[in-house]
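A quick write-up on the structure given underneath.
The values are calculated or read from the model by the stated rules, or taken from the named source; none is laboratory data. Remember, it's a predicted structure, so these values are computed and weren't measured experimentally. Because the Cβ atoms are built from the backbone with ideal geometry, glycine has one as well, and the counts that use them run over all protein chains shown.
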Amino acid sequence: MGKKAPKPIDLARKPRGFPDKREALIHAEQAMIERITGVYRRWGFEGLDTGAFEYTDALGKFLPDEDRPNAGVFALQDDDDQWMSLRYDLTAPLARFAAENWQTLAKPFRRYAAGPVWRNEKPGPGRFREFLQCDADSVGAAGSHADAEMIAMAAEAMRAAGAADGEFAIRVNTRQLLNAVLDGVGAASAEVRLTILRALDKLDKFGTSGVADLLGAGRMDESGDFTKGAGLDVDGVKRVLAFAEAGRETRSDTLEALGQAVGTSESAQTGLAELKAISRALEAFAAPEADVVFDPSVVRGLEYYTGPVFEAELLKETVDEDGRTVRIGSVGGGGRYDDLVARFTGQKVPATGFSVGISRLAAAFAISGEIRALNGPVVVLNLDREDPSEALRLASELRRAGLRAEAYMGSSGMRPQMKYADRRGAPAVVMVGEDELAKGVVTIKDLKEGARQAAAIESNQEYREARPGQFEAPRAELVARVRAIVEADQ
RNA sequence: GCCGCCUUAGCUCAGUUGGUUAGAGCGCUAGAAUGUGGAUCUAGAGGUCCCCUGUUCGAUUCAGGGAGGCGGUACCA
């Protein structure tokens, strides 16, 4: 009795979709944000941060008097019983800010923002309930050249985030053309129109036959679950598919193909004119042809987009450590939302914007093993358990010279201290014991070099005598010798 | 939400056709090694076999229910 540890009171567990992030991931995400906001700033956008919470009605949907105020968003009631929600994107808070400060802003108001957003949805690979977005928006900018600017800048942001030639594409479409097609097949009810749009959006996922099923009777997924379709007849399915698959290699070829697939209605003409204007502007921006494609199957969210819509897709295949291909797909998106600010001001304000999903992009890089562990600090071993002063002094000296260094703060002996340095990824270890103090030297061990040399050593005895990677240096040379190791290691 | 699969040591997983002491590899701790990380050898610690109820002389194993995880699908402003 009494030997076992007491039973824990609480389980250490974490809600799904709220990821813990270790150093390598934190650095990767922050570097990505810095590079992308760098692009936004260079294009003339200014920073604006807003708080995590907004009043629920300011976010537009999910009113607090509905049955489930928390569906989709995380909501709670303030002291005065008003419902507040954690922001689910950075665009809705921007619309609120722009409306509140409209009189004092230089128009168009061009701002960028980066930060966490929250969605109360089921998480999946690369999908979280708390994740980082990095946005740019122009509020008060009408005209296709403003949309084209977003698109060209999105491509540049993707490159800045680390996607190389051919590893991503910005896929562009416009709501006007989608409306033309819906009208063309006589889809009158909102329900059927929604179902058709959702089916279209899945072209890259399910292919032609899967989308044909969804446009017609319905589709069975691989677990046996059935999704009801839009109920179009054979001719209707054919016409929608002909439109969806009008995408061609080049933007001008796609425009030509679309001209035939989309008819002559007013919205068809408007949509084609939008894409043509975007195409012209993209050439002026010198956006590489392969970066931006026109793709009629792009739909995006159904709530607030009113004109051009676009999506940043990671084309590079992401393979996890078990060799399985993980589907990442869209890592960003945007479009024109001319009605969002009008909710607050009553007056129509044209706006267009773009958002990069930092967390998903970083997750994609992490899954395929591209995020490397960072070097740890130089560790100064503490060999005098009675008085650690010498170790503290040496570590301070290294820090003052700008090196990342720490004195060992635990209570273990030398072997565990070496092990600790190894597991921290320390480039070097500094040792000063009685011998060194007496001789006025420091012992420095280059851990990476040591491991390299030790790989060739067979016997224990030889290993013990070799002390690979280790050398003595005059105390005065401490900083210079350690710096040489650290710098060689980067 | 709906569908499928899964849950045994810190991790990855064997196994028990219902039976007495439930295993491996990795990791961890200690030692070989008298101030020295990785590799090597030796020893050791570590378990509510997810939870509840039922069937049974007996349940980690069977049945029902629940929870959690993974995947698909729906939704995704």
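Restricted to the stretch A:451-483, and to residues that are part of a loop (DSSP other than H, G, I, E, B) and more than 30 Å from A:Glu397 (Cβ to Cβ), which residue is modelled with the lowest pLDDT? Let's see the steps before the verdict.
First, pick out the residues of the stretch A:451-483 that are part of a loop (DSSP other than H, G, I, E, B): A:455-459, A:467-469.
Keeping just the survivors that are more than 30 Å from A:Glu397 (Cβ to Cβ) gives A:455-459.
Values: A:Ala455: 74, A:Ala456: 72, A:Ile457: 70, A:Glu458: 66, A:Ser459: 69.
By that ranking, first place goes to A:Glu458.
State which residue is farthest from RNA strand B (Cβ to nearest atom) when the search covers only the stretch A:446-460 and only residues that are in contact (Cβ under 8 Å) with a residue 24 or more places away in the chain and in contact with a helix residue (DSSP H, G or I) (Cβ under 7 Å, 6 or more places away or on another chain). Walk me through it before giving the result.
Residues of the stretch A:446-460 in contact (Cβ under 8 Å) with a residue 24 or more places away in the chain: A:446-449.
Then drop every residue that is not in contact with a helix residue (DSSP H, G or I) (Cβ under 7 Å, 6 or more places away or on another chain), which leaves A:446-447.
On the way: A:Asp446: 8, A:Leu447: 3 Å.
Only one residue tops the list, namely A:Asp446.
Within the stretch A:342-388, can you find the residues that are away from RNA strand B (no atom under 14 Å from the Cβ), within 29 Å of the chain's Cα centre (by Cα) and charged (D, E, K, R)?
A:Glu370, A:Arg372
Pairs please, first residue from the stretch A:461-480 and without any contact (Cβ under 8 Å) to a residue 60 or more places away in the chain, second anywhere and surrounded by 15 or more Cβ atoms within 10 Å (Cβ to Cβ) and basic (Lys, Arg), Cβ atoms under 6 Å, 6+ apart in sequence or on different chains.
A:Gly469/A:Lys445; A:Gln470/A:Lys445; A:Ala473/A:Arg481
Show the residue pairs that are 6+ apart or on different chains and have beta-carbon atoms under 7 Å apart, the first residue being within the stretch A:167-178 and in the same structural domain as A:Ala257 (by TED's automatic domain parsing) and more than 15 Å from A:Gly259 (Cα to Cα), the second being part of a strand (DSSP E or B) and among the aromatic types (Phe, Trp, Tyr).
A:Ile170/A:Phe310; A:Arg171/A:Phe310; A:Val172/A:Phe294; A:Val172/A:Phe310
What residue, among those in the stretch A:198-211 that are more than 8 Å from RNA strand B (Cβ to nearest atom) and surrounded by fewer than 21 Cβ atoms within 10 Å (Cβ to Cβ), is modelled with the lowest pLDDT?
Out of the qualifying residues, it is A:Asp204.
For the stretch A:24-132, which fully contained strands (runs of 3 or more DSSP E) count at least 2 residues that are among the aromatic types (Phe, Trp, Tyr) and either at pLDDT 90 or above or away from RNA strand B (no atom under 16 Å from the Cβ) (or both)? Reasoning before the result, please.
Details: elements: A:53-55, A:75-77, A:83-86, A:109-118.
Strands (runs of 3 or more DSSP E) meeting the threshold: A:53-55, A:109-118.
For A:Ala161, state whether it is touching a Leu at 6+ places or on another chain (Cβ under 8 Å), crowded, with 22+ Cβ neighbours inside 10 Å and modelled with pLDDT of 90 or more.
Numbers: touching a Leu at 6+ places or on another chain (Cβ under 8 Å): yes; crowded, with 22+ Cβ neighbours inside 10 Å: yes; modelled with pLDDT of 90 or more: yes.
So A:Ala161 passes the test.
Quick check on my filter: what residues within the stretch A:143-154 are more than 27 Å from A:Asp320 (Cβ to Cβ) and either at pLDDT 95 or above or within 12 Å of RNA strand B (Cβ to nearest atom) (or both)?
So in the stretch A:143-154, the residues more than 27 Å from A:Asp320 (Cβ to Cβ) come out as A:143-153.
Residues satisfying the conditions are A:Ser144, A:His145, A:Ala146, A:Asp147, A:Ala148, A:Glu149, A:Met150, A:Ile151, A:Ala152, A:Met153.
Please find, among A:Lys205, A:Lys238, A:Lys276, the residue that is assigned to a helix (DSSP H, G or I), basic (Lys, Arg) and over 30 Å from A:Lys316 (Cα atoms). It would help to see each step written out before you state the result.
Numbers: A:Lys205 fails: over 30 Å from A:Lys316 (Cα atoms); A:Lys276 fails: over 30 Å from A:Lys316 (Cα atoms).
The unique qualifying residue is A:Lys238.
With respect to A:Thr195, is the statement that it is within 12 Å of RNA strand B (Cβ to nearest atom), assigned to a helix (DSSP H, G or I), within 31 Å of the chain's Cα centre (by Cα) and modelled with pLDDT of 90 or more true?
Judged against the criteria, A:Thr195 is a match.
Which one of these is within 8 Å of RNA strand B (Cβ to nearest atom), out of contact with any Cys (no Cβ under 6 Å at 6 or more places or on another chain) and farther than 30 Å from A:Arg22 by Cβ: A:Arg467, A:Arg475?
On the way: A:Arg475 fails: within 8 Å of RNA strand B (Cβ to nearest atom).
The unique qualifying residue is A:Arg467.
Taking the stretch A:466-490, which residues are within 13 Å of A:Lys445 (Cα to Cα) and touching a Gly at 6+ places or on another chain (Cβ under 6 Å)?
A:Pro468, A:Gly469
For the stretch A:480-488, does any single residue satisfy the condition of being more than 23 Å from A:Arg372 (Cβ to Cβ) and more than 8 Å from RNA strand B (Cβ to nearest atom)? Please lay out each step first, then the result.
Our first condition is that a residue be more than 23 Å from A:Arg372 (Cβ to Cβ); within the stretch A:480-488, this holds for A:480-481.
Next cut, more than 8 Å from RNA strand B (Cβ to nearest atom) only: A:480-481.
Yes, the stretch A:480-488 contains a residue that is more than 23 Å from A:Arg372 (Cβ to Cβ) and more than 8 Å from RNA strand B (Cβ to nearest atom).
Among what's in the stretch A:411-445 and is near RNA strand B (Cβ under 7 Å from one of its atoms) and in a strand (DSSP E or B), pick the residue that is farthest from A:Arg385 (Cα to Cα).
Residue satisfying both the conditions and the ranking: A:Lys445.
Has the stretch A:390-406 got at least one residue that is touching a helix residue (DSSP H, G or I) at 6+ places or on another chain (Cβ under 9 Å) and at pLDDT below 90? Give the derivation first.
Residues of the stretch A:390-406 touching a helix residue (DSSP H, G or I) at 6+ places or on another chain (Cβ under 9 Å): A:390, A:394, A:397-398, A:400-406.
Okay, now just the ones that are also at pLDDT below 90, so none.
No, because not a single residue in the stretch A:390-406 is touching a helix residue (DSSP H, G or I) at 6+ places or on another chain (Cβ under 9 Å) and at pLDDT below 90.
Can you find, within the stretch A:310-335, the residue that is farthest from the chain's Cα centre (by Cα) among those that are at pLDDT 90 or above and within 12 Å of RNA strand B (Cβ to nearest atom)?
Selected residue: A:Gly335.
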